[in-house]
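I am attaching a structure below and will ask some questions about it afterwards.
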Amino acid sequence: MPSVSPADPPVSARLVDLPVHVDRELPVPLSTQLGDHLRAAMRDGTLKSGERLPSTRALARQLAVSRTVVTEAYQQLYAEGWIEGRHGSGTYVADLTVPAPPGAVTPGSGPRVPRPGSGHGPGRERGYGGAAPEENGAARCERDVPWRADGRGAAPPYGEEIINLRPGQPWVKDYDEAAWRRAWRQAAELPPGEDPDPYGLPRLREALAGHLRRSRGVLVGPENIMITRGTGNGLDLVAATVLRPGDRAGVEEPGYRVARNVFAARGAEIVPCPVDGDGVLVDDLPDDLRVLYTTPAHQYPLGGRLPIPRRERLLAWARRAGALVVEDDYDAEFRYDVAPLPALYGLDPGRVILVGTLSKSLSPDVGVGWLVAAPDLLDAVARTRHILADRTSGPAQQAVSVLIERGDLDRHLRRMRLEYARRRAAIVEVLGSRVMGDTAGLHVMVELPEHAVPAVVEAARARGVLLDTTARHHHGPPRRHGLVLGYGSASLSQVRRGVVILAELLGQVEVTG
């Protein structure tokens with residue numbers, strides 16, 4: 001791209017006179033025609049990376065079409081990764097650097113990496129319809145974080161940036177600032193609470209009942225809902241209520257370490273329960289478990305979705321064994337190319353406890369989650385909570401109530417589904433059939449031979465890409481070996497560059513292995 005003289009406006013500020021037209025006589029929808037013209041212009045270089053496109057209103061006026069036609073075309077191009085935008089600033093051509101095939105990546109031939117502070121290009125991600133994330137924010141926040149493959153040690157060396165492809169972190173830089181401020185402003189206008197309700201604010205419980213019905217198809221009333229501080233808090237309240245020292249608690253193997261830690265802290269004997277590519281292996285479950293913790297919407301970390309027949313067998317086992325099933329609705333909000341599966345709670349409300357949180361869908365800072373159970377069990381948990389003097393922040397509950405009631409949370413989830421779908425597609429495009437568990441959630445798995453995992457992790461770290469492994473999520477000796485790739489905290493362009501580097505390293509492993 002040619003340099004810009006001081007008298008010229010920056011490229012990203014210039015509007016492009018688009019060479020496009022639509023023909024009402026054609027059987028092809030107008031929005032599809034417009035999208036095709038724009039793709040062609042971006043492919044042949046007529047539209048270049050970082051250039052600003054006309055607003056939907058201006059382009060609709062130019063083409064003499066409705067604004068809806070342009071909006072639909074822009075939304076489709078955004079979902080495909082061709083354009084990017086931010087509220088109040090405009091719509092831009094995305095970084096169109098195409099990742100090279102793994103065998104073709106050589107020093108200096110990979111995707112370009114901008115220096116910190118550049119005004120456009122892959123370092124400046126824009127979320128369509130939301131606020132602009134701070135450039136290279138994920139990179140800067142990692143610079144002082146000690147890290148090694150086992151979670152200890154010094155921070156890795158890096159050149160331009162650190163690309164964090166570890167799971168468990170959402171993208172928090174693209175949000176509706178006006179909605180966020182409005183929610184907290186309204187919460188601040190209410191007086192401080194005097195005696196916190198252990199069940200949570202009735203207003204939020206009512207709002208969450210509607211949210212769970214819309215998002216998960218779970219039909220519950222406020223009497224079935226308790227507001228918690230998140231999944232870990234909900235698990236601890238359940239464990240403190242139903243477990244006694246020596247009780248056996250089943251946790252998926254590999255699985256969520258926090259669940260193991262919480263149950264063990266309450267004196268339970270941890271029973272690792274094997275999983276496969278679809279989720280927990282029901283036929284291997286022992287009949288003496290008091291509680292089973294499972295992530296059926298998107299198993300952590302292998303990524304399976306528990307099929308309906310296995311869900312039914314799991315509930316039949318729970319009834320036969322007299323066990324409670326704690327269903328962590330982890331990643332249920334985000335799925336790709338697949339239909340939603342019914343929550344276990346909806347199939348047997350008397351045997352299942354559903355826990356969820358806003359930490360992945362909105363932000364960990366919010367500190368609000370929920371626990372859904374039968375009213376009598378919820379009453380027992382409330383008594384435990386009162387004894388423990390445990391509570392959820394009142395202002396946080398009020399703010400979340402506003403976000404749900406005004407539809408802001410639903411809009412945020414729709415926007416983030418598109419954003420995460422683009423990042424997931426970037427991983428699948430480069431890594432292809434190596435990827436497992438890509439139908440939902442914010443992470444995928446790449447299975448590798450055991451001997452190859454440490455070498456790939458360290459080689460990626462030396463090139464500025466942080467990876468996680470399945471070994472960290474096992475209770476005992478690992479049964480599955482590979483990488484767990486998260487795409488929540490890295491920007492789209494960072495994900496693209498990170499997986500190109502990873503693909504090159506995997507190619508080297510295959511060649512030498």
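In percent, how large is the relative contact order of the range 281-325, given Cα pairs closer than 8 Å and 6 or more residues apart?
52
Further question on the same structure: May I ask you to evaluate 6.51 cos²θ - 1.76 cosθ + 1.60, the Karplus curve with θ = phi - 60°, for each residue of the range 51-58 and list the ³J(HN,Hα) values in order in whole Hz, giving x for glycine and proline?
Coupling constants for the range 51-58: 6, 8, 8, x, 5, 4, 5, 5 Hz.
At a threshold of 8 angstrom on Cα-Cα distance, excluding pairs fewer than six apart, so keeping six or more, what relative contact order does the range 414-513 reach in percent?
Relative contact order for the range 414-513 comes out at 32 percent.
Taking a quarter of the surface of the convex hull around the Cα atoms of the range 355-409, what do you get in nm²?
Averaged projected area of the range 355-409's Cα convex hull equals 4.4 nm².
Restricting attention to the alpha-carbon atoms of the range 208-343, what are Rg (one decimal) and Dmax (integer), both in Å?
14.6, 44
Sticking with this structure for a sec: For the range 289-406, what is the convex hull volume of the alpha-carbon atoms per residue, in Å³?
In the range 289-406, the Cα convex hull volume per residue is 140 Å³.
Relative contact order of the range 179-333: what whole-number percent is it, with Cα pairs under 8 angstrom and at least 6 residues apart?
17
Using the Kirkwood radius built from alpha carbon pairs, what does the Stokes-Einstein equation give as D for the range 357-513 at 25 °C and 0.890 mPa s, in µm² per second?
132
Hey, how many Å between the Cα centroid of the range 190-229 and the Cα centroid of the range 434-487?
If we compute the Cα centre of each part, the gap is 37 Å.
If you don't mind, another one. Taking every alpha carbon pair in the range 463-513, what does the distance histogram look like in 5 angstrom bins from 0, in percent?
Histogramming the range 463-513 at 5 Å steps yields 4, 17, 23, 21, 18, 12, 4, 0 percent.
Any idea what the dipole of the range 169-323 comes to, in debye rounded to 20, about its Cα centre with Lys/Arg Cβ at +1 and Asp/Glu Cβ at -1?
The calculation lands at about 280 debye.
Shifting gears a bit: Percent of Cα-Cα pairs more than 13 Å apart in the range 250-309, please.
So the portion of pairs separated by more than 13 Å is 56 percent.
Taken together, the values in this text are just the output of simple stated rules run on the coordinates, not laboratory data. Just so it is clear, the model here is predicted, and its values are computed rather than measured. When we count neighbours, we look across all protein chains shown, and the Cβ atoms used for this are built from the backbone with ideal geometry, even at glycine.
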